[in-house]
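Values quoted throughout were computed directly from the atomic coordinates according to the rules given, and no laboratory measurement underlies them. What you are looking at is a predicted structure, and each value in this text was computed from that prediction instead of being measured. FYI the Cβ positions are ideal-geometry reconstructions off the backbone, even for glycines, and counts take in every protein chain you see.
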Amino acid sequence: MATLPPTVLNWQSVFNMYLVLGVSGAIFAYGLMFFYILNGRRKSSTGGMGVRGGGRGNLLTLIVVTGIVIAAFIAGVEGNSFMWNAPQNLPTLTITVHAYQWGWNFTYPNGYTSTDTLTVPANTTVILNVTSEDVFHDLGIPMFDVKADAIPGQWDALWFVATQTGIYPYAIRCYELCGVGHAYMTANLTVLTPSEFSFWYAHHGST
């Protein structure tokens, strides 16, 4: 069974961290609330003054909240930093992507250009350098949890590692409203074994 792509594992890790922080924060908040409610009732029943602000309680709240915010910030920074540094321990394939209304041109290092299908080898760091020929677009591949803006005159980049071979229809989509054909601005993704890709690549030269 193929492992999940590293980009998916990265964001899954960030999500899990946020989930833990959110649940921990909720438990702390509700626990503190019920503590003050019960403590207030107890003091009221004994003729006390009720709950008054406590320095230690406020300090504890400040420490917990600050810790949660710092942990969430670190998790977000590490998640984004991971996406800006493609793995160096795998073979690398760099492909240029030109977006246009309403499609994608995928140009390989040998000059071959495909307009409807992105073909890549498995277990390879695939880098897509993305730009646009007309209006703003946004290339996204949900199965890898990656996106990159396609802006005229500018370049953006994303990377992914496919861990499972197969043919994935409509795997590539535009996530920026770009005109009447936006909904149809898709492309297929084909993931081959490295040997299959080498054969495919050798038979798709400059056009």
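In angstrom, the C-alpha Rg and Dmax of segment 92-202 are 13.1, 40.
With a Förster radius of 25 Å applied to the beta-carbon distance between N39 and V69, the computed FRET efficiency rounds to 0.40. Pairs of Cα atoms nearer than 8 Å and 6+ residues apart set the relative contact order; for segment 92-202 it is 29 percent.
Each part reduced to its alpha carbon centroid, segment 89-112 and segment 128-207 end up 7 Å apart.
Oblate is the label for segment 103-156. Its Cα gyration tensor axes, ordered a ≥ b ≥ c, give a/c of at least 1.5 and b/c at or above a/b. With contacts taken as Cα pairs under 8 Å at a separation of at least 6 residues, the chain carries a relative contact order of 21 percent. Over the chain, DSSP H runs of length four or greater, each weighted -39,500 (n - 2.57), average out per residue to a 222 nm ellipticity of -13500 deg cm²/dmol. Here the simple spin-label model places points 7 Å from the Cα toward Cβ, and for V23 and T3 these points are separated by 2.4 nm. Fully extending the segment from Y30 to V77, taken as 0.36 nm per residue of separation minus the present Cα-Cα distance, adds 14.1 nm.
The chain gives an Rg/Rh value of 1.23, both radii derived from C-alpha positions and Rh following Kirkwood. Around the Cα centre of the chain, unit charges on the Cβ atoms of Lys, Arg, Asp and Glu (plus for the first two, minus for the last two) sum to a dipole of about 1580 debye.
The packing ranking of peptides 136-143, 197-204, highest mean first, is 136-143, 197-204, where packing means the average number of other beta carbon atoms within 10 angstrom of each residue.
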